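Here, each number is a calculation from the coordinates, and none is a lab measurement. What you see is a predicted model; the values in this text were computed from it and never measured. No Cβ is skipped: glycine too gets one built from the backbone with ideal geometry, and neighbour counts run over all protein chains shown.
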Amino acid sequence: MVKILKFPKIFFGWWTVFALGIVGLLGIGIGSQSFSVFFKPLSTDLGLNRAVTSVANSVQSGVGSVMYPLGGWISDKYGPRRILLIGIAILAFGLILMFFVNSLWAFLLVIGIIGMGSSLGASMLTDKAIVNWFIKKSGIAVNIKFAIQALAGLCILPVVAWLVERQGWRTTYVIGGIVIAIICIPLIWLFVKPHRPEHYGLRPDGETNSNDVKVSTRTVGIVIDGTESDLTLKQALKTSSFWLLVLAGYTTGIAMPMMNTHSVPFLTDRGINAIEAATIAGLTLTVSVPARLITGFMVDRMKLNHLRFLMAGGTFLQVIGTCVFLIARNNASIYVWFLLYGIGGGIQQSVNIPLLARYFGRKSIGLIMGFFQPLSLPVGLLAPILIGHIYDTTGSYMQVITFIPVFLAAGGIISCFILPPKAAVAVWAERKSA
């Protein structure tokens, strides 16, 4: 008698994870991370210096920061699917519009459209869609998505550089917009549900019954007997945890424009060809893939109170990498710098979203995450322009790079003091004793 193999049914939340990983891979990879590849050919064609070209990064960050709270509120109220679809459509439209840009003002307007689409369709709200479906496994779930997204360093940046060299930056933008529309819209429609799993008779994490969800401060934090201590935005704003997270984001965020917007120009200035430079810049994303997966696995098994130290450890790895380059200042040390920066960033970012979900709960997490972005607006607006201005004035990025480890170290120290909110701890203690 032949035995028929039966395959286990896959929890729908995992399909959401994989689909949104691809959405992030294309949407973030083409929409924002590849801007460093476009930077020099675009600025040369439009006759812009590096400070002015960097304004595009500031505009994209600014528009995204303004849209995050609105997107988060809509996602919390009506579900993430419709806002993700709208965002992806706007992103694809903005990328295609880049073909027609011939002036500074048109450039900044279209970049703003791209920033709006990226923030609504491929960024924070994808995390919201995932944490809707996971509690105990939110660490590994979010970081599988991030790991897929981070493959942009291996798959997207070199391809974009190759296309720019052969087809020009305008045609490359059009190709990117078409690819995103064709692939991402169906993925969101099919694999992102408007509601949390409870609405469909399912349980978070794919649990089969209420007894599977146990009281635990180690893996879940503020989840008690399957229910959560959900904090509202107003309650979250009253915690020191929220504001320390904002402050840590300020200090570590200063390094990001150098590594994202200016990395390929920095490398090509040192005589590295554009495709190789894009590959090296993509190294920070590629090496973050195993770092994210390992960290996601660890996050789901660590005590809630220890997550902050894991976040800080990732930041200090970035400090070490930058210092290696500052000491050696040769092309070999660039690889060490980008390698450690990518691993450290993968660790740091892998902790961030699960930490937010476990500190503040799922109910208002979209609005809470969205509120973070406007608070970081000054850094997002000023840092890219300042870096470009320093280059235009000195002809080098070295002054900027010298200060990066200082800010990163400050962010790592601050991260060590981000304790779980007292309100959440009190709720857990009360229910445990009940």
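A few notes on this one:
- Nearest-ten-degree value, helix 422-433 long axis tilted from longest Cα axis of the chain: 20
- Residue pairs exceeding 25 angstrom between C-alpha atoms, taken from Lys145/Lys193; Lys128/Lys234; Lys193/Lys234: Lys193/Lys234.
- Karplus-derived 3J(HN,Hα) values for segment 308-314, using 6.51 cos²θ - 1.76 cosθ + 1.60 with θ = phi - 60°, are 4, 6, 5, 4, 5, x, x Hz; glycine and proline are entered as x.
- Degrees, to the nearest 10: 12-28 long Cα axis against longest axis of the chain: 10
- Whole-angstrom gap from segment 15-31 to segment 75-95, using each part's C-alpha centre: 13
- Under a 5 Å amide H cut-off, with hydrogens placed 1.01 Å from N, Leu48 pairs with nothing among residues at least 5 apart or on other chains.
- As a proxy for reagent exposure, ranking Tyr359, Tyr391 by other Cβ atoms within 10 Å from fewest up yields Tyr391, Tyr359.
- Relative to the longest principal axis of the Cα atoms of the chain, the long axis of helix 288-299 makes an angle of roughly 20 degrees.
- Local net charge near Lys145, Cβ-Cβ under 14 Å (Lys/Arg +1, Asp/Glu -1): +2
- Identified option (computed Cα extents along the principal axes in Å; candidates (1) 67, 51, 48; (2) 67, 45, 31; (3) 124, 48, 45): (1)
- In terms of packing, defined here as the mean over residues of other Cβ atoms within 10 angstrom, the peptides 332-340, 50-58 line up highest first as 50-58, 332-340.
- In order along segment 266-282, phi translates into HN-Hα couplings of 4, 5, 5, 4, 8, x, 7, 5, 4, 5, 5, 4, 5, 5, 5, 4, x Hz, rounded to whole numbers, per the Karplus curve 6.51 cos²θ - 1.76 cosθ + 1.60 with θ = phi - 60° and x for Gly and Pro.
- Across segment 49-66, coupling constants 3J(HN,Hα) worked out from phi with the 6.51/-1.76/1.60 Karplus curve, θ = phi - 60°, read 7, 6, 5, 5, 4, 5, 4, 4, 4, 5, 5, 4, 5, x, 5, x, 5, 5 Hz, and Gly and Pro carry x.
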